[in-house]
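The values are calculated or read from the model by the stated rules, or taken from the named source; none is laboratory data. Fair warning: this is a prediction, and the values are worked out from it, not measured in the lab. Every residue, glycine as well, gets a Cβ built from its backbone with ideal geometry; the counts of neighbours run over all protein chains shown.
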Amino acid sequence: MRDDGGVLICGEHSEGKLASVTRELIAVGRRLADALDQELSAVLLGSQVDAQLARESIYSGADTVYVIDDPLLSEYLPDACVAALERLVRDTKPDIVLFAQTSMGRDAAPRLAYRLDTGVTLDCVELAIDPETRLMRQTKPVYGGNAHAIYVCRSKPQMASVRPKTTTALERDEARTGAIIQFGGAICTAEIRTKLIRRVKEEMAGVKLEDADVVVCGGRGIGGPEGFARLEELARLLKGAVGATRPPCEIGWVPAHCQIGLTGRIVSPTLYVGVALSGSSQHLAGMSGSKHIVAINKDPDANIFSLAHFGVVGDYQKVLPAFFQKCKEDP
Amino acid sequence: MNCAVCIAQVTNPETPAAAFSIDLKARRAIPAKDRPLVINDYDQVAVEAALKIKEAKGGKVTIFSLGAPSVTVAIKHCLSMGADEGILLSDERFQAEDRALVAYALAMAIRKAGNVDLILCGRQEGDWDAGQVGLGIAEILNIPSVNPVRKIEVDDGRLVVERIVDDGYELITLPLPALIGVSNEIGPARYPTMKGIMTAARKSVDVWTADDIGIAPSRLDPSSAKVNMLDLFIPMRERVCEFIEGETPEEAGANLRLRLRKEKIV
């Protein structure tokens, strides 16, 4: 291993699989490490971590994988995770530490940064090395996505979390080789203050929003749960999933976990259909990566049209049934 | 059970993109004329959560905020909702974009006020943040934290909370004192009552400077910030929407299908 810092990414996995956000994060880290001519490491935390996960991290682009295996890391507990990462970072002294902006990353990254007395920029959409200063330029949306800010961190390690789906993972390459190192977390029970009683899954039936190839999303203008039932029909026909902006979730027309946006889920389907929603920046932050964007809205000035590829100005209650009928007639 | 709630005044998140502009020199947003600054949505919900705890368990609710003197209005609003006291950290030397300094100042103020069992804040703030100030306060005060939370119960000196995760929630227990980042699922913030407004009108908001909370002048020097903003800009959108027409909305709907088919999208 070279003695110059390096880039460390904090990996995530569940049910024996490397998370897709982690493959993306490895791609981000790879670019930064190459620009600095440094090594890219990944760390995997867990209990009885499958060796295949470490190999997968290498196939995805990492040079070295640290595995911290501890029964206390079987579930995400912030105190255990941050303590283990703190030891690893103090020991290996990376220049850059990256997280994905996930349930775990958004919680662990700030705590780790403050514990290490360094700076962190959360929810970045672009990271690049400044060729002159060799520092990491961190671009993140601010003001709900209306503006972008570029930051630089003057202390080491430079820390950031990366918004999911802002990068494509590298091609998996089984010919890649790297070192797998078991790192002792040495976590003691006394360090752990928050305790997990249980984890409850609340998935909707059908296709998972983040994985759906087609997302049909409704806004406040849908008017009620009946309207969402029609979006469900359309989603079924297109083999997609239904999402919503914040108001329908808050009012209770659809469950909260349907929310797409800065504070909800981030989707990037092949086709996104936005129905009766204005396109607040908070929502756009969750879907702007979609490949084809279609918007249906009564208001020709609705902000969603600024991002849409195709738009129909009109009452969705009239537009959608005709669209639906045409799809059925002519599949 | 004494609660501290940290709130922030932010640009109105409903400001349409077309009305949004930035001051390039000061590197911040210029509030649109008809869209005055508002209390961050999630922070109002955090105030609501604190008031519910107060109703169930007694104690008092103190509001903390860092900002210009005009933030007094936001704090007064929380007092009219039913909070007991308000403290504004206001000092020209505070740089709001230095999130670590904001977290440090709020932590120092809460420590000075003392006797706080639970700190509540919004899960994230709409202007600069993605939720680091709250967690930063917890780390500085060395207390446990959970964020984002949709339900809080106090049981025999411990908290039982529901933390939102990607595919459901986690039921978590933790000791006090603690910090909780509150999400909107906890329920909408109440409107002030007439009685609340009159009570709040008689209260004053304490203003503390950096010196009052013991922040060293060296930490206030902009060069001490670990993270610097290099640039702030409005990203360009060059996309032009192709509007699908029709004599009637129904016809437009059918035409949309034909157009998407032609592009082989569906």
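Got at least one residue in the range B:22-39 being of a type outside the set (A, V, I, L, M, F, W, C), within 14 Å of another protein chain (Cβ to nearest Cβ), in contact with an Asp or Glu (Cβ under 9 Å, 6 or more places away or on another chain) and buried (at least 17 other Cβ atoms within 10 Å of the Cβ)?
Checked the range B:22-39: at least one residue is of a type outside the set (A, V, I, L, M, F, W, C), within 14 Å of another protein chain (Cβ to nearest Cβ), in contact with an Asp or Glu (Cβ under 9 Å, 6 or more places away or on another chain) and buried (at least 17 other Cβ atoms within 10 Å of the Cβ).
Can you tell me which of B:78, B:121 is part of a strand (DSSP E or B) and touching a helix residue (DSSP H, G or I) at 6+ places or on another chain (Cβ under 7 Å)?
B:121
Within the range B:182-215, restricting attention to residues that are small (Gly, Ala, Ser) and farther than 17 Å from residue B:66 by Cβ, which residue is surrounded by the most Cβ atoms within 10 Å (Cβ to Cβ)?
Only one residue tops the list, namely B:183.
Which is more than 12 Å from chain B (Cβ to nearest Cβ), more than 30 Å from residue A:315 (Cβ to Cβ) and not hydrophobic (A, V, I, L, M, F, W, C), of A:189, A:194?
Within the list A:189, A:194, the selection yields A:189.
Considering only residues that are in a strand (DSSP E or B) and facing chain B (nearest Cβ under 8 Å), look in the range A:152-166 and name the one that is nearest to the chain's Cα centre (by Cα).
Ranking the qualifying residues of the range A:152-166, first place goes to A:161.
Rundown of residues vs (1) buried (at least 20 other Cβ atoms within 10 Å of the Cβ); (2) in contact with a helix residue (DSSP H, G or I) (Cβ under 7 Å, 6 or more places away or on another chain); (3) within 8 Å of chain B (Cβ to nearest Cβ), yes/no style:
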| residue | (1), (2), (3) |
| --- | --- |
| A:286 | yes, no, no |
| A:289 | no, no, no |
| A:297 | yes, yes, no |
| A:306 | no, yes, yes |
| A:314 | yes, yes, yes |
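Of everything in the range A:255-270, what is modelled with pLDDT of 90 or more and crowded, with 22+ Cβ neighbours inside 10 Å? Give them in sequence order.
Listed by number, the residues that qualify are A:259, A:260, A:267, A:269.
Condition first: under 29 Å from residue A:195 (Cβ atoms) and of a type in the set (Gly, Ala, Ser). Now tell me which residues in the range A:58-79 satisfy that.
The one that is under 29 Å from residue A:195 (Cβ atoms) and of a type in the set (Gly, Ala, Ser): A:74.
Can you pull out the residues in the range A:216-227 that are surrounded by fewer than 21 Cβ atoms within 10 Å (Cβ to Cβ) and either facing chain B (nearest Cβ under 10 Å) or of a type in the set (A, V, I, L, M, F, W, C) (or both)?
Result: no residue meets the conditions.
Please go through the range B:17-41 and pick out each residue that is farther than 17 Å from residue B:76 by Cα and either under 20 Å from the mean Cα position of the chain (by Cα) or among the basic types (Lys, Arg) (or both).
B:20, B:25, B:27, B:28, B:29, B:30, B:31, B:32, B:33, B:35
Suppose we filter the range B:216-229 for residues that are exposed (fewer than 15 other Cβ atoms within 10 Å of the Cβ) and away from chain A (no Cβ under 11 Å); how many remain?
Qualifying residue count, the range B:216-229: 5.
Pick from B:246, B:196, B:214: which is modelled with pLDDT under 95 and over 25 Å from residue A:146 (Cα atoms)?
B:246
Among the residues of the range A:74-88, is any assigned to a loop (DSSP other than H, G, I, E, B), closer than 20 Å to residue A:183 by Cα and either touching a Gly at 6+ places or on another chain (Cβ under 6 Å) or of a type in the set (Gly, Ala, Ser) (or both)?
yes
Determine, yes or no, whether residue B:107 is within 13 Å of the chain's Cα centre (by Cα), closer than 28 Å to residue A:162 by Cα and assigned by TED's automatic domain parsing to the domain that holds residue B:216.
Judged against the criteria, residue B:107 is not a match.
Out of all the residues in the range A:96-107, is one or more among the basic types (Lys, Arg) and crowded, with 21+ Cβ neighbours inside 10 Å?
Within the range A:96-107, one or more residues are among the basic types (Lys, Arg) and crowded, with 21+ Cβ neighbours inside 10 Å.
Within the range B:103-110, can one find any residue that is free of Cβ contacts under 8 Å to residues at least 40 places away in the same chain and on the phi < 0 side of the Ramachandran plot?
Yes: the range B:103-110 contains one or more residues that are free of Cβ contacts under 8 Å to residues at least 40 places away in the same chain and on the phi < 0 side of the Ramachandran plot.
State which residue is farthest from residue B:123 (Cα to Cα) when the search covers only the range A:70-107 and only residues that are more than 9 Å from chain B (Cβ to nearest Cβ) and among the acidic types (Asp, Glu).
Within the range A:70-107, the match that is farthest from residue B:123 (Cα to Cα) is A:91.
Return the residues of the range B:74-100 that are within 18 Å of the chain's Cα centre (by Cα) and modelled with pLDDT under 95; say none if nothing qualifies.
B:94, B:95, B:96, B:97, B:98, B:99, B:100
Quick check on residue B:150: is it under 22 Å from residue B:61 (Cα atoms), in contact with a Leu (Cβ under 7 Å, 6 or more places away or on another chain) and among the basic types (Lys, Arg)?
No, not satisfied.
Under 9 Å between Cβ atoms, at least 6 apart or on separate chains: pull out the pairs that start in the range B:78-90 with a residue that is assigned by TED's automatic domain parsing to the domain that holds residue B:189 and under 16 Å from residue B:2 (Cα atoms) and end on any residue that is buried (at least 21 other Cβ atoms within 10 Å of the Cβ) and hydroxyl-bearing (Ser, Thr, Tyr).
B:78/B:65; B:83/B:62; B:84/B:62; B:85/B:62; B:86/B:62; B:86/B:65; B:87/B:62; B:87/B:65
Which ones in the range A:108-151 are assigned to a strand (DSSP E or B), more than 8 Å from chain B (Cβ to nearest Cβ), of a type in the set (Val, Ile, Thr) and closer than 26 Å to residue B:13 by Cβ?
A:139
State which residue is nearest to the other protein chains (Cβ to nearest Cβ) when the search covers only the range B:145-165 and only residues that are surrounded by fewer than 21 Cβ atoms within 10 Å (Cβ to Cβ) and within 24 Å of residue A:14 (Cβ to Cβ).
B:165
Can you name every residue in the range A:167-212 that is over 25 Å from residue A:79 (Cβ atoms), more than 16 Å from the chain's Cα centre (by Cα), modelled with pLDDT of 90 or more and exposed (fewer than 14 other Cβ atoms within 10 Å of the Cβ)?
A:171, A:172, A:173, A:174, A:175, A:177
Pull out all pairs, ordered by first then second residue, where Cβ-Cβ is under 9 Å, the residues are six or more apart or on different chains, the first lies in the range B:17-44 and is farther than 23 Å from residue A:250 by Cα and at pLDDT below 90, and the second is surrounded by fewer than 19 Cβ atoms within 10 Å (Cβ to Cβ) and among the basic types (Lys, Arg).
Here the result reads B:19/B:33; B:19/B:35, each pair linking the range B:17-44 to a residue that is surrounded by fewer than 19 Cβ atoms within 10 Å (Cβ to Cβ) and among the basic types (Lys, Arg).
Is it the case that residue A:241 is farther than 21 Å from residue A:146 by Cα and outside the structural domain of residue A:144 (by TED's automatic domain parsing)?
yes
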